[in-house]
Every structure is written in structure tokens, then in C-alpha cells.
There are 2 protein chains.
Amino acid sequence: MDSSFAYLFKGLDEGRMAKIRAIGKEIAVKAGQQIFREGQEANGVYIVRQGSVELLTLIEKEIELPISILREPGDTFGTSALVPPYRYSLSARCVEEGTLFCMETSAVRKLAAEDHDIGCRIMTNLAAHFLERLKETRQEVKIHFKTLLMTTRS
Amino acid sequence: MDSSFAYLFKGLDEGRMAKIRAIGKEIAVKAGQQIFREGQEANGVYIVRQGSVELLTLIEKEIELPISILREPGDTFGTSALVPPYRYSLSARCVEEGTLFCMETSAVRKLAAEDHDIGCRIMTNLAAHFLERLKETRQEVKIHFKTLLMTTRS
């Protein structure tokens, strides 16, 4: 696992990556396994090593809307564990069995407090990532709006 | 201007707020004035002191979708100037004449490099803010999706 492994660690040197590795553990996940649910207190950040994970949001009782599927090693999820209000904003479910690298939020925060460069770098990478997702989601809203415009015109 | 002034500076003490004030300037804006356009290279971060500003996104040629209106002193915009790829993700236009506090991106970056605590704090606040906006925008997508579901069912 090097710094190119996951966007969250972009810019961290090997010494700091060793500290990251030291606070996490690998966990095995099975197809269909619920990793966490939207709204739950967020205790861990996850990185795909092998297999695939689907992120979903609850539309109404028992109807979930798929948001994205993560299948590349290094794909990261559960990052809302790193910012207030520390609750998962989506649900995560394993699609294809595999291995995840999991870091407990408390360990990440402790490491960030001890080594400000790590904390600062992770937060910068996280801000850039959320902005990217925000732009993508705005694109979806635009598409819905355009469809509406066309319906009104026709 | 204190640290409660804008979410971006939450957690900064008075000494650091003085440094923030020192790198910015107040500018007067008139109703209808375009402050920046979506896609442009982002050179400044803005905070509303007085008046109001509308954020918009281009749907198609000459059709803009309003995203939000900022009218509270402390409301902040143009923050995509602080993260790669350093381009405005929305357009900003003055609605009601007033005063903005403007910080040049280069000055913010210089200050963040000199005082890591400032940089770290701003990035943490920014990540939390983008996540909030992301959740709100996902809610809009959900509403569109629900409407679609209801149309299909009826």
C-alpha cells in the first residue's frame, strides 16, 4: 500500500504511509454483507483491497437508490466518519466478496492530532474529493432539470 | 470579523483571525454584477458582508439554474478556489448591492503554508461544508427519483 493507493493519502511519504498502515486492519467481507447503514454513527473509514462494494441511499421504506459501485483497489468509502456530524451519509453493502482495509475513526483522529501533516493532508484530499462528488451530483440534478424543461416545452 | 463570522474560519483564535483579515480586502458590488463564472480559473474566495449574492449553474446556452442565494453576513462562496482543479464550480452574481470580503487564493495558500494550523483548520471546515452541500444535493436527486417512481406507479 503506497500513497497512490487511495486518494485520501495522496501526497503522504512512505514514513507516514507506514503510520497509516499501522492503525488499520484488513477485514474479510462476504457478498450481501451490510458494512454500515446511512445515518449510523460513523466509526470507521474503509478502503477496497479486493472485491466490490455498493453505496446506496434510502429513498423510502425498503427502496434504495444505488449511488456508486466501488471495485478498484484503493476506492475509499465511509469518509463522512472524518467530519462532523460523524454519521454515514450512505449505506455500504458488499457485492463481491473480498478484503477491506479498515481504520477506526478514533485512531485516524489520534494520528492526525499527533502528526499534523497527516491530518492536514487527509483533510485537503477529502475536501477535493467531496467537491468532485458534489459537482457530479449537481450534474445529475441538471439532467433531471433539463428533462423537465424538455417535457414542459413539448 | 471574528471566527464565528464564516464557517471557513471556525475554530481559529483571534490572533489567526487577524492574519486572515490582513490578507483580504473589502470590495463593493452592484446589483446584477457578475462576480465570477462557472469554469473560470478561481482566483478568489468571497465572504458576504452586506447585500446578497446568487449562485447559479449553466443548464444550457443562456439558461441558468439558481443553486442558492447568500444573504447572511459570513456566507462564503468561491471556495472551489481552495482545492484542485482550482476552478469555480458555479457562477456568482450580485443580487442586492453590498460589500464582499475577498481573499486572493494565492494569499490564502501562502498563509496556509506559513501557518499550518490555519491551513489545516480551513481544510477541515471546507471538507465538512462540501459534505453538507453534497448531502443536500443528493436529497434533490432523491426527490426527482421519488417523483419518477410515483409517475411510473400511477
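When averaged across all projection directions, what area in nm² does the alpha-carbon convex hull of chain B cover? Provide the component values of the computation, followed by the final result.
Values: hull surface 41.7 nm².
Computed as one quarter of the Cα hull surface, the answer is 10.4 nm².
Under 19 Å from a label point 7 Å along Cα→Cβ of B:R153: give me every residue in region A:50-79 with its amide N that close. Inside the label zone: A:57-66. Straight-line cross-link reach from B:K10 at under 15 Å between alpha-carbon atoms covers these aspartates and glutamates, not counting any fewer than eight positions away in the same chain: B:D2, B:D75, B:D117. Close amide-amide hydrogen proximity is noted between A:S68 and A:L55, each under 5 Å apart and 5 or more residues distant or on a separate chain (H modeled in the peptide plane; Pro and chain starts excluded). Could you work out which residue, out of A:T79, A:T105, A:T57, moves most in a Gaussian network model of chain A, that is, has the largest mean-square fluctuation with Cα springs under 10 Å? Fluctuation is largest for A:T57. Structural descriptor for region B:41-136: relative contact order 33 percent, calculated from alpha carbon pairs under 8 angstrom and at least 6 residues apart. The protein assembly as shown has equivalent-ellipsoid semi-axes of 33, 29, 15 Å, by the square roots of 5 times the alpha carbon gyration tensor eigenvalues, sorted largest first.
What the Cα atoms of region B:27-105 give is an Rg and a Dmax of 11.7, 32 Å. Across the copies of the chain, B:I27 has label points (7 Å from Cα along Cα→Cβ) spaced 4.8 nm apart, shortest distance listed first. Given the pairs A:K25/A:K135; A:K61/A:K110; B:K30/B:K110; A:K146/B:K146, which span a C-alpha to C-alpha distance of over 28 angstrom in this model? Result: A:K25/A:K135; A:K61/A:K110; B:K30/B:K110 exceed 28 Å. Mean per-residue shielding of peptide A:143-151 is 3, counting Cβ atoms of other chains within 10 Å of each Cβ. Placing a label point 7 Å from Cα along the Cα-to-Cβ direction at B:Q40 gives distances to the equivalent points in the other copies of 4.5 nm, listed shortest first.
Scan chain A and note any complete DSSP helix (H) whose C-alpha atoms cover at least 15 Å along its axis and whose Kyte-Doolittle average is -1.0 or more.
For chain A, where a helix must reach 15 Å along its axis and average at least -1.0, the hits are A:116-153.
Taking Cβ separations below 4.7 Å as the criterion for a possible disulfide partner, the isolated cysteines in chain B are B:C94, B:C102. What's the total accessible area buried between chains B and A, using a 1.4 Å probe, rounded to the nearest 100 Å²? Answer for the B-A pair: about 3600 Å² buried.
Averaged per residue, chain B has 51 square angstrom of accessible surface, using a 1.4 angstrom probe with ligands and nucleic acids left out.
Taking the label point 7 Å along Cα→Cβ, B:E72 and its counterparts in the other copies are spaced 3.7 nm apart, in ascending order. Count Lys and Arg as plus one, Asp and Glu as minus one, and take only other residues whose Cβ is under 14 Å from that of A:A42; the net charge is then +1.
The values are calculated or read from the model by the stated rules, or taken from the named source; none is laboratory data. Just so it is clear, the model here is predicted, and its values are computed rather than measured. Cβ: placed from backbone, ideal geometry, glycine included. Neighbour counts: every protein chain shown. Surface accessibility is based on the protein's heavy atoms, side chains included, excluding ligands, DNA and RNA. Shrake-Rupley method; radii C 1.70, N 1.55, O 1.52, S 1.80 Å.
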